[in-house]
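One structure is given below, encoded as structure tokens.
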């Protein structure tokens, strides 16, 4: 797809921007916009017994970013949901709290139906509904569910208990696909076992010399038990079956390493097929959670995501080979053919830390489910792990490890095993008392991770918990992620809509069709600033499309200059016109308009194409 631009028309006050605007002395403000952003670090301070510590001042804290001291721009203590004093510092993006004002928490519930099992998901949803009574009068809840294909907004931000209950009831009625994921895992294991049997039979069929060597070794040992032979791994001079097993493991590890050197992976073809499928599924769920969090970020107060995850292992490769009983896991831990945990979960952690969400992952059995017992029964303090049997406990540990990683990296708490039955109540309790610290980082937009460390001066007896760092993400990448989320999952719930009008398609060469497009940009949602006696801003228009087979076009980008002699009137719009050329088939398209001055992204998504009729 290519983007062909031509004129733009704006009402009566603002003038159309010619393509040569850049050559007419464009002000530097449009090319060097300074992005002022606050990074929040909600800090929990406890003594050695785990009790919350109150009454500390900003001077008691030391904030370091990448080991360098960073001034604290914003500070206040929240105790039992109330500000304990006026917030110090006036910073955009954090509330200006009066002393003893109530401080609400925003609980975003993300339900991953793609990996969860309906029985276990609904059990947790039932407990969430019971815990709604723990919410404070200024707390809010939003709920979104993901089924592997699309996001459903169950409820926008609300503090109405009846609306929350209706949302959870809708969530319980949704289909869950965890049993399919579990079936895929078991089919993979069955295929792996069949492949191992086939290889063992093939080894026996094509290695008669080994059988002869074993027979000769047995004859030699019977003739002289005190003499070891070169045919076997064990001898009568201290060798045991364990030695033979150990050497077998070494050989298996060498085979895995050789396979990795040859193919870039230590997994067999059957294992690699499953691992890649699992990796793609995980990446989709993680991106859906990230898109949800980003689209529901503009809310005052503390932000928490309850992440109901039914099975997110830290490594698809390790999860695939779990329980094999050889050294293949060591090779799989550094498998270069699959994504690392940083590549897989890093974008979610980075987005959470940058926009101020703490992740509270909730353990749903999912891929580690066992159906030997009755899930309707409650779990007491002495509850056993969800999984039993060889390999299953190892896999469950991998899933729990992911939840711990997400929580620890963002300053949250993981809800594992029995804790999932009080997930919302525990999250409410944990977020009632903390110190709210905000700082303005030195923006470089270098896509690098920057470590956050909070220390207490002169108080070695106290413990500190907060988010571990943030990624200094560029605006370009953020906008691209917004457009990608709209393409994959539909328009995010809180994204401002953008009106787009298409003409009827006409032929544009072999297997091509062209459509005129008019984009209506409401000037109430973008910022124009006074420059050189007029009002100006330069927006960016991005367009991408995807056909029914999932083939995507490259993202087209166009900069448009809006300029006029006076400030726009309320309700005034800018009409941007262009032509889009597609292949003659149905497409899903996304058009986004980005305002670099405010960071606002206006987005529209729809479908276009032949729709069963011939293009004229």
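Brief remarks on what is shown
- Residue tally, condition part of a strand (DSSP E or B) and either free of Cβ contacts under 8 Å to residues at least 24 places away in the same chain or in contact with a helix residue (DSSP H, G or I) (Cβ under 7 Å, 6 or more places away or on another chain) (or both), over the stretch 569-586: 2
- Boolean, residue 428 is at pLDDT 85 or above and in a helix (DSSP H, G or I): yes
One line per residue, one yes/no per condition, for (1) in contact with a strand residue (DSSP E or B) (Cβ under 7 Å, 6 or more places away or on another chain); (2) at pLDDT 80 or above:
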| position | (1), (2) |
| --- | --- |
| 517 | yes, yes |
| 561 | yes, yes |
| 572 | no, yes |
| 583 | yes, yes |
| 598 | no, no |
| 609 | yes, no |
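- Tally of residues being within 18 Å of residue 412 (Cβ to Cβ) and part of a helix (DSSP H, G or I) across the stretch 286-316: 6
The values are calculated or read from the model by the stated rules, or taken from the named source; none is laboratory data. Remember, it's a predicted structure, so these values are computed and weren't measured experimentally. Heads up, the Cβs are rebuilt from the backbone with ideal geometry, glycines too, and the neighbour counts pull from every protein chain shown.
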